[in-house]
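So the structure is just underneath, and the comments pick up after that.
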Amino acid sequence: MCFSVPEGVEVPPSLVNIFKEINRSLGKPIPTNGNLTHWAEQGVLLLNATLTVRAHQAGSHQGKGWEAFTDAAIKALAEEKENLVFILWGNYAQQKAAFVNPTKHLILKSVHPSPLSAFRGFIGNNHFVLANEYLQKHGKTEINW
């Protein structure tokens with residue numbers, strides 16, 4: 001689960017910004033920990049393009065084969081399911097939109113929530129509101145972010 005950390009581990013800066021956007025757009029209090037298991041239990045798949053990385057070396061395992069696996073997962077979900085919400089943060093993630101039919105699913109894109117870009121379009125993107133509105137419109141249960 002990308003962004004998620006176990007209770008007791010300091011909440012990473014990108015997740016802090018995610019929580020700030022949830023607070024801003026939905027009025028929910030900012031959690032005291034970064035464990036996102038409750039999102040996964042509601043059907044949220046938190047997927048990075050590469051599933052491993054050397055500690056403190058972002059992108060260090062790119063091009064090692066993970067992308068083929070995660071691309072296949074995205075393609076399978078996009079083809080076999082309907083009315084999913086794909087939230088793509090950052091330029092690299094946004095390239096995955098090519099695997100998703102926008103007439104069959106909702107695709108939301110913005111800059112990454114990292115401290116370097118969060119205030120250039122992540123904060124204020126309303127993705128959590130838009131995702132829930134789409135799910136409700138299509139008879140699905142909203143996510144309790």
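Say whether the condition of being within 21 Å of Pro13 (Cα to Cα), outside any loop (DSSP other than H, G, I, E, B) and not hydroxyl-bearing (Ser, Thr, Tyr) is met by at least one residue in segment 50-68. Taking every residue of segment 50-68 in turn, none turns out to be within 21 Å of Pro13 (Cα to Cα), outside any loop (DSSP other than H, G, I, E, B) and not hydroxyl-bearing (Ser, Thr, Tyr). When restricted to residues that are charged (D, E, K, R) and open to solvent by less than 10 Å² (accessible area, probe 1.4 Å), segment 104-118 contains 0.
Results for (1) out of contact with any Leu (no Cβ under 9 Å at 6 or more places or on another chain); (2) not aliphatic (A, V, I, L, M), shown as yes or no for each residue.
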residue: Phe69; (1), (2): no, yes
residue: Ala78; (1), (2): no, no
residue: Val100; (1), (2): no, no
residue: Ser110; (1), (2): no, yes
residue: Ser114; (1), (2): yes, yes
residue: Asn125; (1), (2): no, yes
residue: Lys137; (1), (2): yes, yes
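For segment 78-103, a residue qualifies if it is free of Cβ contacts under 8 Å to residues at least 40 places away in the same chain, closer than 15 Å to His138 by Cα and open to solvent by less than 40 Å² (accessible area, probe 1.4 Å), and exactly one does: Phe86.
The values are calculated or read from the model by the stated rules, or taken from the named source; none is laboratory data. Every value quoted in this text rests on a predicted model; they were computed, and no experiment measured them. Don't worry about glycine lacking a Cβ; one is built from the backbone with ideal geometry, like all the others, and counts go over all protein chains shown. SASA here: full protein model, heavy atoms, side chains in, ligands and nucleic acids out. Shrake-Rupley method; radii C 1.70, N 1.55, O 1.52, S 1.80 Å.
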